[in-house]
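Everything on this sheet refers to the single structure shown next.
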Amino acid sequence: MQSIDFINIEYIFRIIYSIFFDPEHYKIAYEYFLKFWGVYKILAVVFSLALLYGIVYCVNRIKQIRTEEEARLNELTEKTLLDFQGNPTNERWAQIKRHIDSNNENDWKLAILEADIILGEMLTKIGYQQENIGEKLKAVEKSDFNTIDKAWEAHKFRNSIAHEGSNFTITQREAKKVISLFEDVFKEFEYL
């Protein structure tokens, strides 16, 4: 008969068992382990140094990336501020102020309507691309827009003027209050 070659699992487990629990094999395993202890220490030190190098590299790389991101963010912020400062809004705002200071109620309404148009342009420049000002204001996160409530109040007042037309009456005091709300919003984003 021919012999069949195969792996004897039981034999392998018996050797492993005897290494740990048979005193004679334990002594042999201990001596064998001592032979390689020096090599193990060297490998452990090299491996530890490699890991330490990896940690230091990662920390430095994270700092470098953070610095690059901050520089990019500062650049975008400066660009946005320059866009706002280069806007002809100041001339329009002066016209709004002249309308508010007049004695004509229609001029006051016109000032509020014009300020609302500027609000819409500002929201578009900030990045809100919705169809109308109401939708843009709904899309705003309160944490990104400290004066959102003032913007809403001023816009609602403008809607009353637009929908009621000449039937809507307003005092100069109310008109100045609404314009001051718009002004607070524009100042938050340095739009004036």
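The values are calculated or read from the model by the stated rules, or taken from the named source; none is laboratory data. Owing to the predicted nature of the structure, the values given are computational and were not obtained by experimental measurement. Because the Cβ atoms are built from the backbone with ideal geometry, glycine has one as well, and the counts that use them run over all protein chains shown.
Observations on the structure shown:
- Residue pairs whose Cβ atoms lie under 6 Å apart, separated by 6 or more positions or on different chains, with the first residue in the stretch 134-153 and surrounded by fewer than 14 Cβ atoms within 10 Å (Cβ to Cβ) and the second not in a loop (DSSP other than H, G, I, E, B) and not aliphatic (A, V, I, L, M), are 146/188.
- Against the test of being modelled with pLDDT of 85 or more and surrounded by 15 or more Cβ atoms within 10 Å (Cβ to Cβ), the options 117, 126, 96 yield a single qualifying residue, 96.
- Residues of the stretch 107-133 that turn out to be more than 17 Å from residue 149 (Cβ to Cβ) and either free of Cβ contacts under 8 Å to residues at least 24 places away in the same chain or of a type outside the set (A, V, I, L, M) (or both), as a count: 15
- Among (1) free of Cβ contacts under 8 Å to residues at least 12 places away in the same chain; (2) surrounded by 14 or more Cβ atoms within 10 Å (Cβ to Cβ) - the single one residue 56 does not satisfy: (2)
- Residue within the stretch 177-186 that is assigned to a helix (DSSP H, G or I), in the same structural domain as residue 111 (by TED's automatic domain parsing) and over 32 Å from the mean Cα position of the chain (by Cα) present: yes
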